[in-house]
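Engineer: Dropping a structure here in structure tokens format, bear with me for questions.
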Amino acid sequence: MNSGRMVRLVMGLAVAAVVVAVAMRVMGPNKGDTAGLGEAVVDLAQVAATINRVEVQRGTTAMVAQRGAGGWTLATRDGFPARESALQELVRGLISLRKSQRMTAMPERHSELGLAWPDPMNEARLVRVYAEGSEAPVAELLVGRSVQSPLGVFVRTVGDNQAWRCTGTMPTGSDPGEWIAGPVSDIPADFLLSLECNGVTLVKGTGGWSVVDAPQPQPQPPPATPGGEPEDPKVSSLRGTLPYLLSGLQPENVRRERPEDASRPQQVEATIRVDAGHTVDARLWKEGDDVWIRLATGECEGEPNAKLEEFAPKWAGWVFKLPSWKAGQYKALFDAPPKP
């Protein structure tokens, strides 16, 4: 073989090697490796009926639900009843996960998928599921970011650096509000008759809620509309908030009532008349930017009220945090009156 042919052969082999290397880099090492694709991430279908504990941790927030003789309760919320449908949805999500693409196995790149642990970004969720007769979890995995087209999520099992893109969906499962059994009240404003708060009485009429015996603000600001009488901001806030307080109340958090709750500063107390013989006593206060509420039955005469019989047992001994989106609407109730 002459030197010219040898040179051309060597150059051809070099070019072929470069082409293969580029192709592999573009395709990625996962394209040709189909091992494990289509398999379930966890095998829970056989033990789903015996699951008795579910734990989810994200950052410093942990939720633990435990099944006992009386049903599911939240161990991390003083034993308040848990929303069983939320737990079923989480387990169904775990069962549905199927491996669709092998991702990185390098721990330093797990954060790119929301799978780092510990996770300073609070993206990863550590999920543990226990079943009857087993002290160790029957499933323990980290759930990362959701992805689209096709719908899926990044997952890896604890103790294994190999990350996967999986088809299927997973509920958030780390927000306390999702696991709290509720609503804790569902009494629409149209069902109420009146309410009293801070010397103001609101009465339900055909044209909406009208104010009687409302104190006038001091000093008097300019009328809000030509010829109209100014209304205290607190009165306006009362009109737009308290009549709807008991309607579809799904708390964002819950805890046992504490002795110090009775002496919280700037408390707002209201008496809500549900019917001619029944009232609800509501007490609200702020803790930072959060608004907490205590509910209790007040006057109780005449025929039983079906709504109160349904919801009042859920209030005894508990206080509830209003959803963040709703708490801002109550801000004016706690503001100091305008100074002269």
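Engineer: Looking at the stretch 92-111, which of the residues that are in contact with a strand residue (DSSP E or B) (Cβ under 6 Å, 6 or more places away or on another chain) and of a type in the set (S, T, N, Q) is surrounded by the fewest Cβ atoms within 10 Å (Cβ to Cβ)?
Structural biologist: So the residue we want is 100.
For every residue, the table says whether it meets (1) among the basic types (Lys, Arg); (2) in a loop (DSSP other than H, G, I, E, B).
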{"position": "62", "(1), (2)": "no, no"}
{"position": "65", "(1), (2)": "no, no"}
{"position": "95", "(1), (2)": "no, no"}
{"position": "99", "(1), (2)": "yes, no"}
{"position": "104", "(1), (2)": "no, yes"}
{"position": "111", "(1), (2)": "no, no"}
{"position": "117", "(1), (2)": "no, yes"}
{"position": "120", "(1), (2)": "no, yes"}
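Engineer: Please work out which residue is surrounded by the fewest Cβ atoms within 10 Å (Cβ to Cβ), limiting yourself to the stretch 238-280 and to residues that are modelled with pLDDT under 95 and of a type in the set (Lys, Arg).
Structural biologist: Restricting to residues being modelled with pLDDT under 95 and of a type in the set (Lys, Arg), the top hit is 264.
Engineer: While we're here: Does residue 147 count as among the hydrophobic types (A, V, I, L, M, F, W, C), assigned by TED's automatic domain parsing to the domain that holds residue 283 and at pLDDT below 95?
Structural biologist: So residue 147 does not fit the description; no.
Engineer: A further question on this structure: What single numbered condition from (1) surrounded by fewer than 15 Cβ atoms within 10 Å (Cβ to Cβ); (2) under 23 Å from residue 239 (Cβ atoms) fails to hold for residue 294?
Structural biologist: Evaluating residue 294 over (1) surrounded by fewer than 15 Cβ atoms within 10 Å (Cβ to Cβ); (2) under 23 Å from residue 239 (Cβ atoms) leaves (1) as the failure.
Engineer: Any residue in the stretch 255-275 that is in contact with a Leu (Cβ under 7 Å, 6 or more places away or on another chain) and acidic (Asp, Glu)?
Structural biologist: yes
Engineer: Of (1) closer than 20 Å to residue 44 by Cβ; (2) under 25 Å from the mean Cα position of the chain (by Cα); (3) of a type in the set (D, E, K, R), residue 123 satisfies all except one. Which?
Structural biologist: It is condition (1) that residue 123 fails.
Engineer: Then there's this: Provide a single number: the residues in the stretch 113-122 that are without any contact (Cβ under 8 Å) to a residue 24 or more places away in the chain and in contact with a strand residue (DSSP E or B) (Cβ under 9 Å, 6 or more places away or on another chain).
Structural biologist: The qualifying residues number 1.
Engineer: Then there's this: For the stretch 157-165, state whether one or more residues are part of a loop (DSSP other than H, G, I, E, B) and β-branched (Val, Ile, Thr).
Structural biologist: yes
Engineer: For the stretch 82-91, check the following and say yes or no: at least one residue is crowded, with 18+ Cβ neighbours inside 10 Å, modelled with pLDDT of 95 or more, assigned to a loop (DSSP other than H, G, I, E, B) and aliphatic (A, V, I, L, M).
Structural biologist: no
The values are calculated or read from the model by the stated rules, or taken from the named source; none is laboratory data. Predicted, not measured: the structure shown is a model, and the values here were computed from it. No Cβ is skipped: glycine too gets one built from the backbone with ideal geometry, and neighbour counts run over all protein chains shown.
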